[in-house]
1. Could you tell me whether any residue of the stretch 87-110 is modelled with pLDDT under 85 and on the phi < 0 side of the Ramachandran plot?
2. Cβ contacts < 9 Å: first residue surrounded by 10 or more Cβ atoms within 10 Å (Cβ to Cβ), restricted to the stretch 45-60; second residue assigned to a helix (DSSP H, G or I), any location; separation 6+ or different chain. Result?
3. Could you count how many residues in the stretch 61-73 are over 12 Å from residue 107 (Cα atoms) and either at pLDDT 95 or above or surrounded by 14 or more Cβ atoms within 10 Å (Cβ to Cβ) (or both)?
């Protein structure tokens with residue numbers, strides 16, 4: 001019988017508990033927190049990516065015939081001709097491909113650097 005009365009008392013005990021007090025806060029502080037989070041995300045993620053994009057575009061502008069490059073696919077080649085939107089790249093003897101300008105990853109060496 002003791003167990004039965006303790007089971008009946010449990011719902012009464014739970015019903016007497018108070019709901020949690022509402023959390024008061026300043027809405028301006030919450031907005032400030034979001035702005036701070038966005039600023040940190042900009043300086044750590046967005047700004048470096050934009051800087052890389054600008055450097056890559058500048059590198060593409062400076063490419064000319066004779067430059068040795070690596071494509072995004074990992075193919076090494078030498079630029080033989082520069083067109084408006086693509087490069088003609090020699091990847092082996094008697095083998096040339098046309099490559100979109102955006103698919104050049106890096107410049108291995110420029111012919112002027114070897115002369116210096």
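The values are calculated or read from the model by the stated rules, or taken from the named source; none is laboratory data. This structure is a prediction, so every number in the text was calculated from the model and none was measured. Cβ: placed from backbone, ideal geometry, glycine included. Neighbour counts: every protein chain shown.
1. Filtering the stretch 87-110 down to residues modelled with pLDDT under 85 leaves 109-110.
Filter again for on the phi < 0 side of the Ramachandran plot, leaving 109-110.
Yes, some residue in the stretch 87-110 is modelled with pLDDT under 85 and on the phi < 0 side of the Ramachandran plot.
2. 56/102; 60/101; 60/102
3. Result for the stretch 61-73: 0.
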